[in-house]
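K.L.:
This is the structure I have questions about; it appears just below.
The values are calculated or read from the model by the stated rules, or taken from the named source; none is laboratory data. It should be emphasised that the depicted structure is a prediction, and the values quoted were computed from it without experimental measurement. Because the Cβ atoms are built from the backbone with ideal geometry, glycine has one as well, and the counts that use them run over all protein chains shown.
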């Protein structure tokens with residue numbers, strides 16, 4: 001690697017150097033990393049996806065709107081998509097279909113519904129394997145899929161995003177919406193976890 | 001480009017390092033890098049396709065050994081140098097050490113002049129294109145036949161947009177493949193849905 005002569009500076013220092021050379025430009029546009037971080041903490045939340053799921057479980061008309069046009073339906077909650085994310089498809093898990101999402105080329109995610117992706121979603125192992133051996137990968141991750149259930153893997157290769165609509169645990173039928181939202185996990189929105197209430 | 005980033009279907013990897021409800025960030029600098037990337041995208045120095053291509057252009061050994069947020073910082077720094085915002089020497093002086101950047105890239109290409117519209121249910125073949133610049137086509141579907149499920153939103157053609165060429169908006173199609181067709185005899189049974197730009201597709205005769 002001829003281009004890498006000096007040992008690389010630690011990541012914190014490389015990050016700080018990039019920040020430094022952008023300081024004036026950012027200031028001129030009224031932007032800062034701290035403010036961006038605050039905005040992300042308030043807006044990039046799996047709790048958003050959880051609220052949408054809880055509504056879909058309790059309101060059949062909303063569920064239909066959500067499956068037909070995800071972007072318009074989440075706007076009913078005041079949830080938007082970043083400019084480059086042009087649409088979101090909501091993928092309904094059923095007893096016969098299990099959906100799971102990935103981005104094999106980088107790590108694209110519906111961040112306003114799922115939050116920043118976890119490291120394992122960005123790792124080479126998940127991106128390489130889940131398209132080719134989804135059943136083994138899901139089993140290893142604690143989410144085995146029955147042999148007669150169809151697995152659908154969605155590769156986020158363009159600027160459409162995906163969110164899984166997990167199955168509602170039967171014992172939660174009749175719960176109020178906010179209590180339902182509290183059991184919906186980020187991992188279930190990616191499609192690598194099933195929801196239950198007993199013992200979390 | 002057929003780079004290290006194009007991972008779908010590659011073999012030899014171990015288990016996914018999964019922990020339920022894992023934090024997205026392993027260190028404070030990773031969270032800061034995530035915010036920095038979002039902030040820089042609002043400065044108008046480069047677009048999303050240029051950014052993705054800068055990640056893809058990392059030296060293969062650097063790319064696979066770096067974590068996600070090292071790839072993020074490397075790509076941003078590479079573009080800031082290429083766009084004349086700073087220099088490698090300046091970044092290294094401030095960082096107090098080396099600052100490996102991505103390699104220069106090849107040229108891009110414009111939208112396919114003979115691209116066609118497709119209907120839901122239509123069978124399509126992914127063109128057998130080998131592109132040295134940026135492309136959003138995972139190699140595992142190249143030359144394969146699938147079925148159009150949905151017409152997705154209009155998006156600037158990334159192969160041009162990443163290279164400063166005129167990038168017309170075109171639809172992306174959700175195309176359904178069978179894993180058994182993508183890797184005959186070498187995959188577990190599944191439907192694989194890929195969002196495919198119109199220019200990457202041709203009709204099946």
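K.L.:
Considering only the stretch A:151-173, state which residues are part of a strand (DSSP E or B) and within 7 Å of chain B (Cβ to nearest Cβ).
P.N.:
Filtering the stretch A:151-173 for residues part of a strand (DSSP E or B) gives A:151-155, A:160-165.
Across the stretch A:151-173, the qualifying residues are A:151, A:152, A:153, A:154, A:155, A:160.
K.L.:
Let me confirm something: among A:25, A:20, A:63, A:14, which residue is at pLDDT 95 or above, surrounded by 14 or more Cβ atoms within 10 Å (Cβ to Cβ) and more than 7 Å from chain B (Cβ to nearest Cβ)?
P.N.:
A:63
K.L.:
Please determine whether any residue of the stretch B:101-110 is within 22 Å of the chain's Cα centre (by Cα), closer than 13 Å to residue B:201 by Cα and more than 7 Å from chain A (Cβ to nearest Cβ). If you could, list the steps in order and put the result at the bottom.
P.N.:
The initial filter retains those residues of the stretch B:101-110 that are within 22 Å of the chain's Cα centre (by Cα), namely B:101-110.
From what's left, closer than 13 Å to residue B:201 by Cα: none.
The answer is no, given that none of the residues of the stretch B:101-110 is within 22 Å of the chain's Cα centre (by Cα), closer than 13 Å to residue B:201 by Cα and more than 7 Å from chain A (Cβ to nearest Cβ).
K.L.:
Here are some conditions: (1) within 12 Å of another protein chain (Cβ to nearest Cβ); (2) closer than 30 Å to residue A:16 by Cα; (3) in contact (Cβ under 8 Å) with a residue 40 or more places away in the chain; (4) surrounded by 14 or more Cβ atoms within 10 Å (Cβ to Cβ). Residue B:94 meets all but one. Which one does it not meet?
P.N.:
(3)
K.L.:
Applying the selection to the stretch B:11-22, what residues are surrounded by fewer than 18 Cβ atoms within 10 Å (Cβ to Cβ) and either more than 20 Å from residue A:186 (Cβ to Cβ) or within 7 Å of chain A (Cβ to nearest Cβ) (or both)?
P.N.:
Once the filter is applied, which keeps residues that are surrounded by fewer than 18 Cβ atoms within 10 Å (Cβ to Cβ) and either more than 20 Å from residue A:186 (Cβ to Cβ) or within 7 Å of chain A (Cβ to nearest Cβ) (or both), the stretch B:11-22 yields B:11, B:12, B:13, B:14, B:15, B:17, B:20, B:21, B:22.
K.L.:
When the residues of the stretch B:26-44 are filtered to those that are facing chain A (nearest Cβ under 7 Å) and in a loop (DSSP other than H, G, I, E, B), which remaining residue is nearest to residue A:125 (Cα to Cα)?
P.N.:
Of everything passing the filter in the stretch B:26-44, B:26 is nearest to residue A:125 (Cα to Cα).
K.L.:
Determine which member of the set B:6, B:2 is more than 7 Å from chain A (Cβ to nearest Cβ) and either surrounded by fewer than 18 Cβ atoms within 10 Å (Cβ to Cβ) or part of a loop (DSSP other than H, G, I, E, B) (or both). Please lay out each step first, then the result.
P.N.:
Values: B:6 fails: more than 7 Å from chain A (Cβ to nearest Cβ).
Going through B:6, B:2 in turn, just one is more than 7 Å from chain A (Cβ to nearest Cβ) and either surrounded by fewer than 18 Cβ atoms within 10 Å (Cβ to Cβ) or part of a loop (DSSP other than H, G, I, E, B) (or both): B:2.
K.L.:
On the basis of being assigned to a loop (DSSP other than H, G, I, E, B), in contact with a strand residue (DSSP E or B) (Cβ under 6 Å, 6 or more places away or on another chain) and not assigned by TED's automatic domain parsing to the domain that holds residue B:154, does residue B:112 make the cut? Let's see the steps before the verdict.
P.N.:
On the way: assigned to a loop (DSSP other than H, G, I, E, B): yes; in contact with a strand residue (DSSP E or B) (Cβ under 6 Å, 6 or more places away or on another chain): no; not assigned by TED's automatic domain parsing to the domain that holds residue B:154: yes.
Here the answer is no, as residue B:112 does not meet what is asked.
K.L.:
Among (1) under 21 Å from the mean Cα position of the chain (by Cα); (2) free of Cβ contacts under 8 Å to residues at least 40 places away in the same chain; (3) part of a loop (DSSP other than H, G, I, E, B), there is one condition residue B:75 misses while meeting the rest; what is its number?
P.N.:
Here residue B:75 meets the rest and fails (3).
K.L.:
Restricting to the stretch B:78-100, name every residue that is more than 20 Å from residue B:32 (Cβ to Cβ) and part of a loop (DSSP other than H, G, I, E, B).
P.N.:
B:83, B:84, B:87, listed by residue number.
K.L.:
If you don't mind, another one. Looking at A:89, A:121 in this structure, which one is touching a strand residue (DSSP E or B) at 6+ places or on another chain (Cβ under 8 Å) and assigned to a helix (DSSP H, G or I)?
P.N.:
A:121
K.L.:
Now a separate question. Hey, does the stretch A:180-190 have a residue that's more than 14 Å from every other protein chain (Cβ to nearest Cβ) and either modelled with pLDDT of 95 or more or surrounded by fewer than 19 Cβ atoms within 10 Å (Cβ to Cβ) (or both)?
P.N.:
Initial filter on the stretch A:180-190 (more than 14 Å from every other protein chain (Cβ to nearest Cβ)): A:180-181.
Checking the rest, the ones that are also either modelled with pLDDT of 95 or more or surrounded by fewer than 19 Cβ atoms within 10 Å (Cβ to Cβ) (or both) come to A:180-181.
So far as the stretch A:180-190 goes, yes, one or more of its residues are more than 14 Å from every other protein chain (Cβ to nearest Cβ) and either modelled with pLDDT of 95 or more or surrounded by fewer than 19 Cβ atoms within 10 Å (Cβ to Cβ) (or both).
K.L.:
Scanning the stretch A:126-150 for residues that are more than 7 Å from every other protein chain (Cβ to nearest Cβ) and in a helix (DSSP H, G or I), which turns out nearest to residue A:192 (Cα to Cα)?
P.N.:
Among those that are more than 7 Å from every other protein chain (Cβ to nearest Cβ) and in a helix (DSSP H, G or I), it is A:138.
K.L.:
In the stretch B:158-205, how many are more than 12 Å from chain A (Cβ to nearest Cβ), assigned to a strand (DSSP E or B) and farther than 30 Å from residue B:105 by Cα?
P.N.:
1
K.L.:
Checking the conditions here, which among B:137, B:101 is more than 16 Å from residue B:200 (Cβ to Cβ) and surrounded by 20 or more Cβ atoms within 10 Å (Cβ to Cβ)?
P.N.:
Among B:137, B:101, only B:101 is more than 16 Å from residue B:200 (Cβ to Cβ) and surrounded by 20 or more Cβ atoms within 10 Å (Cβ to Cβ).
K.L.:
Going by the structure shown, is residue B:58 at pLDDT 95 or above and assigned to a loop (DSSP other than H, G, I, E, B)?
P.N.:
Judged against the criteria, residue B:58 is a match.
K.L.:
Report yes if some residue within the stretch B:46-55 is exposed (fewer than 14 other Cβ atoms within 10 Å of the Cβ), modelled with pLDDT of 95 or more and not assigned by TED's automatic domain parsing to the domain that holds residue B:135; otherwise report no. Spell out how you get there, then give the answer.
P.N.:
Taking the stretch B:46-55 and keeping what is exposed (fewer than 14 other Cβ atoms within 10 Å of the Cβ), we get none.
No, there is no match, as no residue in the stretch B:46-55 is exposed (fewer than 14 other Cβ atoms within 10 Å of the Cβ), modelled with pLDDT of 95 or more and not assigned by TED's automatic domain parsing to the domain that holds residue B:135.
K.L.:
Here's another thing I want to ask about it. Being more than 7 Å from every other protein chain (Cβ to nearest Cβ) and crowded, with 24+ Cβ neighbours inside 10 Å: is that true of residue A:97 here?
P.N.:
Taking the combined requirement at face value, the residue does not satisfy it.
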